[in-house]
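Please treat every number below as a calculation from the coordinates, not as lab data. Treat the numbers as computed from the prediction; the structure is a model and nothing was measured. Please note: Cβ atoms are built from the backbone with ideal geometry, for glycine as well, and neighbour counts cover all protein chains shown.
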Number of protein chains: 2
Amino acid sequence: MPTHRSGTGDPVRTLELLWRAPGAGVNQRGPRQTLSVDRVVAAAIGVADAEGVEAVTMRRIAQALGVAPMSLYTYVPGKAELLDLMIDTVCGQMTHSQPPDGSWRARLTAIADDNRALHERHPWLITVSTARPPLGPGVIEKYDRELAALDGLGLADVEMDAALTFLLGFVESTARAAAAARTSQQDSTLDEQQWWEASAPLLERVFDAERYPTAARVGAAAGAAYEAAADPEHAYAFGLGRLLDGLGVLIDSRAG
Amino acid sequence: MPTHRSGTGDPVRTLELLWRAPGAGVNQRGPRQTLSVDRVVAAAIGVADAEGVEAVTMRRIAQALGVAPMSLYTYVPGKAELLDLMIDTVCGQMTHSQPPDGSWRARLTAIADDNRALHERHPWLITVSTARPPLGPGVIEKYDRELAALDGLGLADVEMDAALTFLLGFVESTARAAAAARTSQQDSTLDEQQWWEASAPLLERVFDAERYPTAARVGAAAGAAYEAAADPEHAYAFGLGRLLDGLGVLIDSRAG
DNA sequence: GGCTAATCCCGTACAGTGTACGATGATAGC
DNA sequence: GCTATCATCGTACACTGTACGGGATTAGCC
């Protein structure tokens, strides 16, 4: 049975890979390696970025590297570990902007924006980051940097962790919605408006506006405002504002 | 290529299925149907609940119904539509508690708790609800009921929609984290503590605490508090509190 | 009662997946 | 030169969703 997610294999082997720590076999008999872990990971990221996560197959990556599919297994124990390596790599290469002023709101907004950009650049992240992130250098550096933005605000350590989890979960949630809106518009031959036009006659027949008055009113208002069923941009702006307000209540209570 | 998500097929056909509206073929020549859409959907939900989403295959569902795999396609155009039907069904059957008092905080807390329970009862929801939800009777009734909890607070219609999206996105995010913690503990033969014991020697060798001071301090504190890498229960309680505080700032500004 | 057309059920087949297994060949140390 | 070791990779297997088409069954019509 295919696994698709890590943790199934030897965790120590996975950690060695993430940190590029040489394993037990330092003896160098046998033929030279033609590739490297980094090249395999880079090829996988390239395929995922360009063709989507469904194109990330061992055969496709091998083809991109000009190598037979099974050769990849000399560099990576399996696909699950490769996905972990991809996650850690893009987290390590992530661009992190310096907030203009020193307010915590500006710092957290920058973190949210940076993570949003990360998900926009690598849409496959959301389909892969279900389990807990791999403890590689990229992920840990990211964790440290983002935690620092919450340091010195009077929060307890566990509160800092919880606040960051809250913020990153929100960004991932909106990124997921954005990706869904993008793909549903892409792989389907008809776009949002065409879908609506095709569905409207039947919906009007089965949907009873008197039975669902609030849904009818709000849904119509939202549809008119967004010109679609949902607007990821608006959801991000609204949610981030509320989220920072909510954290502000806690931070102010600690400061005062 | 397998699709796995809806929107690919005829949207009108999907809507007809969701609302159980009879299609064009009302002519009833030919043999009697031995099953029904409801039975197929119920069997699929049962398999998903009991054996996980990875067990939801056409062959497995057919087996549960005592029927050949291809027979399912007389009731459902494909797996994507079946997943939509599953989502709509569990949304319609969802239990919704009445909040004890009339405060909006109590109402929204009840909505969050109900959705949390929904995700606990049907863990496969998070792996399936990537795209926008199917516009079936169950989903729409849920949308209407939950919007009503935000009505009359002085929010604009689009704000009501955004606030609900924010709340449900948060619940889904924590449910995803909880599911990840559950499965990573389940399918792996070693639990959280064993994993840590196996990984600790290597991590101590590669992880430089002086280079990542905040991560080291906060990570240690969180690990000690949770006795794990993450605590979904705590993340839910913390996040919901902040979220309601943040919405409260907006609601108060509208009321005053 | 026969005939036709529609409809259900389902056996077979296909393209695609991750990867286990083992054969082949290249290289380094003795 | 011998041998142990390792990279490469061809083949094979179990599994997925589902296209296709062939029987079997039934309703409407003459």
What residues qualify as long-range amide H neighbours of B:W19, i.e. H under 5 Å apart, gap of 5 or more or another chain, H built at 1.01 Å from N? none
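Based only on other Cβ atoms within 10 Å, what is the fewest-to-most ordering of A:E197, A:E192? Each step should come with its number before you reach the end.
Working: A:E197 10, A:E192 18.
Going from least to most buried by this count: A:E197, A:E192.
Averaged over A:197-208, how many beta carbons belonging to a partner chain fall within 10 Å of each residue's beta carbon?
Working: counts 0, 4, 5, 1, 2, 9, 5, 0, 3, 10, 5, 2.
Per residue, the number of nearby Cβ atoms from other chains is 4 on average.
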Please turn the phi angles of the range B:149-155 into ³J(HN,Hα) values with the Karplus equation 6.51 cos²θ - 1.76 cosθ + 1.60 (θ = phi - 60°), one per residue in order, whole Hz, x for glycine and proline. 5, 9, 7, x, 9, x, 7
So, in nm and shortest first, the distances from B:E227 to its counterparts in the other copies, with label points 7 Å along Cα→Cβ, work out as 5.5
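Could you compute Rg(Cα) / (2.2 N^0.38 Å) for chain A, with N its residue count? Can you show the working numbers first?
On the way: Rg = 22.6 Å, N = 256, 2.2 N^0.38 = 18.1 Å.
Cα-based Rg divided by the globular estimate yields 1.25.
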Value of Rg/Rh across the protein assembly as shown [Cα atoms, Kirkwood radius]: 0.98
Label position 7 Å from Cα toward Cβ: report the copy-to-copy distances for B:D10 in nm, one decimal, ordered from shortest. 5.5
CD proxy at 222 nm, helix term only [per DSSP H run n ≥ 4: -39500 (n - 2.57); per residue of the protein assembly as shown; nearest 500]: -20500 deg cm²/dmol
Result row for chain A, helices from DSSP H with C-alpha axial extent 30 Å or more and mean Kyte hydropathy at least 0.0, is A:157-186, A:232-255
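Take the eigenvalues of the Cα gyration tensor for the range B:196-256, scale each by 5, and report the square roots as semi-axes in whole Å, largest first. It would help to have the intermediate numbers written out before the result.
Numbers: eigenvalues 280, 40, 9 Å².
Output for the range B:196-256: semi-axes of 37, 14, 7 Å.
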What residue among A:T183, A:T174, A:T165 shows peak mean-square fluctuation when chain A is described by a Gaussian network model with Cα springs under 10 Å? A:T183
Report the residue of chain B with the smallest Cβ-to-axis distance, using the rotation axis that brings B onto A, in whole Å. B:G246, 1
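What per residue convex hull volume, in Å³, do the alpha-carbon atoms of the range B:71-191 yield?
Details: hull volume 15.1 nm³, N = 121.
So the per-residue hull volume is 125 Å³.
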Taking chain B as a Gaussian network, where each spring joins two C-alpha atoms under 10 Å apart, which residue of B:G30, B:G52, B:G102 fluctuates the most? B:G30
Label 7 Å beyond Cα on the Cβ vector: A:R182 copy-to-copy distances, nm: 3.0
Which of B:H234, B:H122, B:H96 moves most in a GNM of chain B, Cα contacts under 10 Å? B:H234
